[in-house]
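Undergrad: What follows is a structure written as structure tokens; I'll ask about it next.
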Amino acid sequence: METSKLDSTPPATAPGGGTVDWSRSLTRTIAVLTGITALLAGAVVLGFAVFGEPGGDDSSATWLAVSLVVEYLLIGVAVSVTVANPGKPALISAAVLAGVSLIAVVVTIATMPGTGHGDWISHRQALGALSFALTALGGGLLVLAEWVIREGVGAAPPRGLIVRSGVLGVVFVIVLAAAGTAAAHDLVEAANTDESTAAPEKGLTAAVTPATFEHMNPPYPGGGDAIGTPYGLLVTAPETLAVTAYDADSGTERWHHVRHNRTFTQRSVTSADERLIALVGDRRDSPAGTSVVILDTVSGEQFADRRVSTSDGTVLAVTSQLVLFQPAERLGTVIAYGYSGRELWSYDAPERCVVGVAREAGTRMVTAMDCAADDISADHPRVVALDEQNGAAAWSWTGPVIGGIAPGSLVVSGDKVVVDVRRDVSSSEGLFAARLFRHDLNALNAADGSTVWRREKLELGSTYAVSCAGTLQIGDGLAVLGECHHATMGGQATFDIATYDLADGKTVWKAGAPLGFTPGDGSDPAGWFVTFPDGRVAMVTDASNDVTAPACGLYLAAAGKVKRIQASKPATGGIEEPTWCRKASLHATPGALSVSYPGQVFSIR
């Protein structure tokens, strides 16, 4: 059998016939190869930290840029001296490089901020520390290489052994650098995360029990948006990516999840059964892209944390299997990503169609879109049901009238998809002209998209605010349409509720609460009412016509009758903001009606 050329060099022998010791020479060769590889790996990681990591509002970029120049210079000197002038000069240059790198590691870690309100650690800082550690390792190996030959180099080892050992050392350093980079990212996210979880057995049952609305609990600090679920109230922070779950009745915190280095880019999204919440945002030091953190609403357990796209966009829906994403540059496209971040499938809507809404309906994703006519004169609404597994279109429905489907105009209830196609049919134009919206209410079979019933030309009243144009909710076999209207003929402006039987679409009852304040910037009338599972509807309004003297009130409508909620006030604490109702949102939560507005949350049970 032929001997490989790499192994053909026989071991050196001494004059007396003994074997010459080449261990020092082999050690030096391996140390030099792995040391130079570590130096190059550190240089690459530092270059990526400075030029590859997006900029944020931290000051580490300047420090690392200066460090990059110094480190590259020291690496060049150390490698050149090691190759050209081995011995004491190489040992000194390598020792200087290793010492400076160790000092840089300590300084980088020591200057990292603590995590908390407004403080966070950037990925650039972690990668900088890793690069200095690799450089220190490389310098140390070069010091070792010169130290072992202080009494002489010795004989040359076999070339095959040099190659095998050298390759093994180089591969080890490369794997170490790659694993260290991944670990640095993970450690930064862990350091920036503050979380607590609740035991699943302590979670509430998936039911919103009826409340008597007789007692008001002491308010507790709120934040940004609030989401009522059958398991409690979820309150998000106004800026930092954070959510806290409260027991809605007592205000006791159940769990929280905070990412100090991230901010929200849109409102959070819950699954159809409200068992999952997706926090959508991205890193403060990497504003491009969309990342999603998916949590269990009962326990706060994290199911996924993935960047679903390197581009900006909107998360339309979340299920137990996927996240449905709409790229900002392609509004007619939806992409389904798995919890691993891998793309599962995508769907492109017909030409001139823009997807605006997506809801889970069994094993399908029901998407609503507005499609422009060929002459771009009007929108033709369309609903398409996509298979959750592969994105194939199961059925498609085209609205019978021209109009649009707003985000709050499509709901799913059991085997039905209820769609409100609304159109502005105002008789006059102008900044202060009243707007009249005509509704075309349709109930579709969730299995095949066929029409179960339709209510045409529903006109509930006129309004001065487009945001008042109507929102759909579901409760106790009813489709509930809420809309605010201005006063006519010297009468009282009202926030009105109209309910329709989900079985046949017939009107069941209507009711309204007095309204004086006209919604404007910062107001969201869609949150001014909430439907409980038993069919009762709670409303909040400012009945005053004087913007300087608010008259906030809560009302309860049932079977066409409305009464003001007169709850006893708590012994301690109270509502701090007199105009709270203008920016309030109502939430159906277990045993209570929860009311949130910027700064505070309270519940009435």
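The values are calculated or read from the model by the stated rules, or taken from the named source; none is laboratory data. Just so you know, these numbers come straight off a predicted model, no measurement behind them. Backbone-built Cβ (ideal geometry, glycine too); neighbour counts: all protein chains shown. Remember, those area values only see protein heavy atoms, side chains included, never the ligands or the DNA or RNA. Shrake-Rupley method; radii C 1.70, N 1.55, O 1.52, S 1.80 Å.
Undergrad: Counting only residues that are under 24 Å from T589 (Cβ atoms) and open to solvent by 60 Å² or more (accessible area, probe 1.4 Å), which one in segment 167-203 is modelled with the lowest pLDDT?
TA: Per the criteria, the residue is K202.
Undergrad: Give me the pairs: first residue in segment 451-478 and outside the structural domain of D501 (by the TED database), second residue among the hydroxyl-bearing types (S, T, Y), beta-carbon distance under 7 Å, and six or more apart or on different chains, which are they?
TA: Once the first residue is outside the structural domain of D501 (by the TED database) and sits in segment 451-478, its partners that are among the hydroxyl-bearing types (S, T, Y) give R455/Y500.
Undergrad: Within segment 92-114, how many residues turn out to be touching a Phe, Trp or Tyr at 6+ places or on another chain (Cβ under 9 Å) and under 17 Å from T62 (Cβ atoms)?
TA: Going through segment 92-114 one residue at a time, the tally reaches 5.
Undergrad: Looking only at residues in segment 470-495 that are surrounded by fewer than 22 Cβ atoms within 10 Å (Cβ to Cβ) and either in contact with a Lys or Arg (Cβ under 8 Å, 6 or more places away or on another chain) or among the acidic types (D, E) (or both), which one is nearest to F529 (Cα to Cα)?
TA: Among residues in segment 470-495 that are surrounded by fewer than 22 Cβ atoms within 10 Å (Cβ to Cβ) and either in contact with a Lys or Arg (Cβ under 8 Å, 6 or more places away or on another chain) or among the acidic types (D, E) (or both), the one nearest to F529 (Cα to Cα) is G475.
A quick yes/no check of all residues on (1) modelled with pLDDT of 95 or more; (2) buried (at least 21 other Cβ atoms within 10 Å of the Cβ); (3) part of a strand (DSSP E or B):
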{"position": "Y347", "(1), (2), (3)": "yes, no, yes"}
{"position": "E351", "(1), (2), (3)": "no, no, no"}
{"position": "G356", "(1), (2), (3)": "no, no, yes"}
{"position": "A385", "(1), (2), (3)": "yes, yes, yes"}
{"position": "I402", "(1), (2), (3)": "no, no, no"}
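Undergrad: Every residue in segment 549-601 that is of a type in the set (K, R), closer than 21 Å to Y246 by Cα and outside any loop (DSSP other than H, G, I, E, B), please.
TA: Across segment 549-601, the qualifying residue is only K583.
Undergrad: Exactly one condition in (1) open to solvent by 50 Å² or more (accessible area, probe 1.4 Å); (2) part of a loop (DSSP other than H, G, I, E, B); (3) among the aliphatic types (A, V, I, L, M) is not met by M112; state its number.
TA: Condition (1) is where M112 drops out.
Undergrad: Suppose we filter segment 405-415 for residues that are of a type outside the set (A, V, I, L, M, F, W, C), open to solvent by 20 Å² or more (accessible area, probe 1.4 Å) and either assigned by the TED database to the domain that holds G482 or within 16 Å of V357 (Cα to Cα) (or both); how many remain?
TA: 3
Undergrad: Shifting gears a bit: Go through segment 293-314 and give me each residue that's of a type in the set (S, T, Y), surrounded by 21 or more Cβ atoms within 10 Å (Cβ to Cβ) and farther than 15 Å from T270 by Cα.
TA: Correct list: S309 only.
Undergrad: Given the condition touching a Phe, Trp or Tyr at 6+ places or on another chain (Cβ under 9 Å), farther than 19 Å from F51 by Cα and assigned to a helix (DSSP H, G or I), answer yes or no: does some residue in segment 123-146 qualify?
TA: Within segment 123-146, not a single residue is touching a Phe, Trp or Tyr at 6+ places or on another chain (Cβ under 9 Å), farther than 19 Å from F51 by Cα and assigned to a helix (DSSP H, G or I).
Residue by residue, here is whether (1) open to solvent by 10 Å² or more (accessible area, probe 1.4 Å); (2) within 30 Å of H123 (Cβ to Cβ); (3) touching a Lys or Arg at 6+ places or on another chain (Cβ under 7 Å) holds:
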| site | (1), (2), (3) |
| --- | --- |
| A237 | yes, yes, no |
| V243 | no, yes, no |
| T252 | yes, no, no |
| H256 | yes, yes, no |
| H260 | yes, yes, no |
| D273 | yes, no, no |
| I277 | no, yes, no |
